[in-house]
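Enquirer: Below: one structure in structure tokens.
The values are calculated or read from the model by the stated rules, or taken from the named source; none is laboratory data. It should be emphasised that the depicted structure is a prediction, and the values quoted were computed from it without experimental measurement. Heads up, the Cβs are rebuilt from the backbone with ideal geometry, glycines too, and the neighbour counts pull from every protein chain shown. For the accessible areas, the whole protein counts, side chains as well, though only heavy atoms, and no ligand, DNA or RNA atoms are used. Shrake-Rupley method; radii C 1.70, N 1.55, O 1.52, S 1.80 Å.
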Amino acid sequence: AGGDGLLTLTPPASQEPPDRYTYDPNDPVPSQGGAMMVPRAGIRLQNDVEHRPDVLVYSTAPLEEPMEVTGPVSLTLHVSTTAPSTDFAAKLVDVHPDGSAYNVTDGILRRKYESTERPIEIHIDLWPTSMVFLKCHRVRLEISSSNYPRFDRNPNTGHPIATETETLAAHQTIHHSPQTPSRLMLPIIPSEHGGQT
């Protein structure tokens with residue numbers, strides 16, 4: 001949350017250094033709200049989660065006018081990992097002018113990877129939503145590798161999870177450059193008054 005991650009409409013024009021974090025299955029990112037059948041479900045503050053070193057945060061500038069997002073939300077990432085199998089999780093967040101950050105929708109992808117640093121393009125489907133981000137609010141994207149217990153944690157070993165007793169820390173990399181254009185796709189509804197398109 002204290003970094004320089006930005007969400008912009010302009011793709012990278014030059015090579016940018018990737019962002020990295022380590023996912024430890026023994027210390028997964030705790031779920032804060034979301035579609036769960038527990039008392040802590042629903043909309044919850046995300047600020048504590050965002051300050052973890054295993055959560056990447058990217059935000060827009062404050063919106064100059066309201067922006068409606070209605071429909072499916074998806075994320076394309078170019079990633080590399082040191083684990084044979086791991087998860088990448090994403091969360092769309094509404095940031096209020098005072099800095100309070102609230103979850104909107106989320107998703108996760110579990111798959112196997114070759115043991116290589118070569119970037120691989122993946123796609124994460126976040127649940128569809130209908131949300132108006134108000135003027136002066138910011139749109140935020142969180143990326144991590146866990147959201148537990150909303151989603152079961154991945155031990156990263158590549159072995160059957162139901163019987164796995166060991167865990168492996170995974171060093172995760174998110175690439176964003178002209179050759180690796182990681183991007184968030186939002187279904188923005190045009191305003192009746194000529195706003196966002």
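Enquirer: Please work out which residue is modelled with the lowest pLDDT, limiting yourself to the stretch 170-197 and to residues that are in contact with a strand residue (DSSP E or B) (Cβ under 6 Å, 6 or more places away or on another chain) and not in a strand (DSSP E or B).
Expert: Q196
Enquirer: Please identify the pairs in which a residue from the stretch 4-24 that is open to solvent by less than 40 Å² (accessible area, probe 1.4 Å) has its Cβ atom under 8 Å from the Cβ atom of a residue that is part of a strand (DSSP E or B) and of a type in the set (D, E), counting only partners at least 6 apart or on another chain.
Expert: Going by the 8 Å Cβ cut-off, the qualifying pairs are G5/D19; Y23/D87.
Enquirer: With the checklist (1) open to solvent by less than 20 Å² (accessible area, probe 1.4 Å); (2) out of contact with any Leu (no Cβ under 7 Å at 6 or more places or on another chain) in hand, flag the one item E65 doesn't pass.
Expert: E65 satisfies all of (1) open to solvent by less than 20 Å² (accessible area, probe 1.4 Å); (2) out of contact with any Leu (no Cβ under 7 Å at 6 or more places or on another chain) except (1).
Enquirer: Let me ask another. Checking R110 against (1) surrounded by 15 or more Cβ atoms within 10 Å (Cβ to Cβ); (2) part of a strand (DSSP E or B); (3) modelled with pLDDT of 95 or more, which test does it fail?
Expert: Just one mismatch for R110, condition (1).
Enquirer: Turning to a different aspect of this structure: The conditions are (1) closer than 20 Å to P181 by Cα; (2) touching a Ser or Thr at 6+ places or on another chain (Cβ under 9 Å); (3) crowded, with 22+ Cβ neighbours inside 10 Å; (4) of a type in the set (V, I, T), and V57 fails exactly one of them. Which is it?
Expert: For V57, the failing item is (2).
Enquirer: Are any residues in the stretch 113-141 outside any strand (DSSP E or B) and under 25 Å from P25 (Cβ atoms), and if so, which ones?
Expert: Y113, E114, S115
Enquirer: Kindly provide the set of residues from the stretch 1-38 that are in contact with a helix residue (DSSP H, G or I) (Cβ under 8 Å, 6 or more places away or on another chain), part of a loop (DSSP other than H, G, I, E, B) and modelled with pLDDT of 85 or more, ordered by number.
Expert: V29, Q32
Enquirer: Looking at the stretch 40-55, I want the residues that are in a helix (DSSP H, G or I) and have a partner that is of a type outside the set (A, V, I, L, M, F, W, C) with Cβ atoms under 6 Å, at least 6 apart or on another chain. Which pairs are those?
Expert: Sorted first by the residue in the stretch 40-55, then by its partner, the pairs are V49/Q32.
Enquirer: Another question about this same structure. Small (G, A, S), open to solvent by 70 Å² or more (accessible area, probe 1.4 Å), over 22 Å from G2 (Cβ atoms) and not in a strand (DSSP E or B) - does that describe any residue in the stretch 143-162?
Expert: Checked against the condition, which is being small (G, A, S), open to solvent by 70 Å² or more (accessible area, probe 1.4 Å), over 22 Å from G2 (Cβ atoms) and not in a strand (DSSP E or B), the stretch 143-162 yields at least one hit.
Enquirer: Can you name the condition, by its number, that A41 falls short on among (1) open to solvent by less than 50 Å² (accessible area, probe 1.4 Å); (2) modelled with pLDDT of 95 or more?
Expert: (2)
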